[in-house]
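A quick write-up on the structure given underneath.
The values are calculated or read from the model by the stated rules, or taken from the named source; none is laboratory data. The shown structure was predicted, so the numbers you read here are calculated from the model rather than taken from an experiment. Virtual Cβ from ideal backbone geometry, glycine too; neighbours counted across all protein chains shown.
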Amino acid sequence: MAIAAYSFDAASAGRFVDLCRDLYRDDRAWIPPAEKMVLAQFSPDFAFYGKPGNAHRHFLATANGRPVGHVSAFVNADLRDADGTAVGAVGFFECRDDAALASELLGAARAWLEAEHGRRRVWGPMKFDIWHGYRMMTRGFDTEIFLGEPYNKPYYAALFERSGFAARKSWHSVEIGGRAVLEAGVAPWARHWARALAEGYRLSPIDLRNPAQALALQEAVEDSYRGFLGYAPLPRAEFEQVLAGYAGALDPRLALGAWRPDGALCGFALGYPDRARAVRAMRGSDSLLARARYLLHAGHCRRAVFFMVGVTAAEIRRGRGLGRALAYEWVTALLAAGYESIVFALLAEDSPAWRMLPPQREPPPKTYVLYEADSAR
């Protein structure tokens, strides 16, 4: 076995794509990402690489001429822990079920981060930052995977833990289905909705293709997520790239904003149809045939993913329940559009959003973990 380090090499990036195909070939749950998008993230034209202070190194393991493992090490100049410590990241991790191989790959990435950039604390999996994909699924492999869900081989958690990583934080997803259940669940939020309207707030769709509204959304997201673990601001152009990736998947009726009486955006609730089966049918391609397969499987989607809700700090201090008002409007719009089930996706274990959901009688069926290794400890 050999491990080769590289920065920009189209052939090596292509071998990473080959590795993914090989590892997940018989995994019917896997939703192949668009290969062009993946390869673009290895290109020097990708925005992350041009930002001052950022750095990276990829590591590809091969055996008998075939790729068997891969990991990338990232230095994001803005990525810091809550105590101010600069943090490195490892992402694009894919590997055979081989603890020694995984340890060598992750060890090489950590060694480079510490020796070249002084990053002794490392988080993973994380691609560039929290905006482009992070966290590892640790539970829920026997459930239906939703579009946008972190997904990996079930043995990856053990590989990380045997390589010196420990869980730093967990997230969960829960699905609530049935119109009657959903209507009953949001009924207590109706008073917050009515109060918001009476006080002059406007709850209406955000046009993500409108530059002014996209900028307002970025400012509201940055304000409300500032204390989020791993939060790092994005330049406007990069935020627009991330938003563009969501814009095509979003149902415009499910991208809602809360506008203050003075016209300022002060909250948001975003969701999208779960077209996992249609995207899976594309098999990572964007060819005409792949697009035809997408349309064949798309049909009428009855499950939606509620993936982001936020209220600005000023509105939280007012304590008027604007988040619940937004959620009520969002679920009401969803039911009116014919959806019948909602995945409340990727809720942090300490998220206040749990208080808005019906009490969970059992542990959430889906769990994801961000791991940390710290050579200073």
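Here are a few things to note about the model shown:
- Residue match in segment 315-331 (condition: buried (at least 19 other Cβ atoms within 10 Å of the Cβ), out of contact with any Ser or Thr (no Cβ under 6 Å at 6 or more places or on another chain) and either under 30 Å from Glu161 (Cβ atoms) or polar (S, T, N, Q) (or both)): no
- Residue within segment 278-288 that is more than 20 Å from the chain's Cα centre (by Cα), free of Cβ contacts under 8 Å to residues at least 60 places away in the same chain and exposed (fewer than 15 other Cβ atoms within 10 Å of the Cβ) present: yes
- Residue tally, condition in a loop (DSSP other than H, G, I, E, B) and either polar (S, T, N, Q) or closer than 16 Å to Lys153 by Cβ (or both), over segment 1-39: 11
- Residue within segment 58-72 that is assigned to a loop (DSSP other than H, G, I, E, B) and either assigned by TED's automatic domain parsing to the domain that holds Ala232 or among the basic types (Lys, Arg) (or both) present: no
- In segment 128-167, the qualifying residues are those that are charged (D, E, K, R) and more than 15 Å from Leu229 (Cα to Cα), and the one that is farthest from the chain's Cα centre (by Cα) is Arg162.
- Looking at Ala281, Ala333, Ala325, Ala298, just one residue is out of contact with any His (no Cβ under 8 Å at 6 or more places or on another chain) and at pLDDT 90 or above, and that residue is Ala333.
- Segment 11-50: number of residues that are of a type in the set (Gly, Ala, Ser) and under 29 Å from Thr143 (Cβ atoms): 2
- Looking only at residues in segment 195-240 that are under 27 Å from Asp83 (Cα atoms) and acidic (Asp, Glu), the one that is modelled with the lowest pLDDT is Glu238.
- Among the strands (runs of 3 or more DSSP E) confined to segment 114-186, the ones with at least 1 residues that are modelled with pLDDT under 95 are located at 166-177.
- Residues of segment 29-59 classified as within 18 Å of Ser285 (Cβ to Cβ) and over 21 Å from the mean Cα position of the chain (by Cα), total: 0
- The condition (being in contact (Cβ under 8 Å) with a residue 60 or more places away in the chain and in contact with a strand residue (DSSP E or B) (Cβ under 6 Å, 6 or more places away or on another chain)) is satisfied by just one residue among Ala86, Ala61: Ala61.
- Leu39, sole failed condition from (1) in contact with a helix residue (DSSP H, G or I) (Cβ under 9 Å, 6 or more places away or on another chain); (2) exposed (fewer than 15 other Cβ atoms within 10 Å of the Cβ): (2)
- Looking only at segment 198-225, and only at residues there that are farther than 22 Å from Phe307 by Cβ and touching a residue at least 40 places away in the same chain (Cβ under 8 Å), the one that is surrounded by the fewest Cβ atoms within 10 Å (Cβ to Cβ): Gly200
- Among the residues making up segment 82-113, those that are over 17 Å from Ala2 (Cα atoms), touching a Leu at 6+ places or on another chain (Cβ under 8 Å) and not in a loop (DSSP other than H, G, I, E, B) are Ala86, Val87, Gly88, Ala89, Val90.
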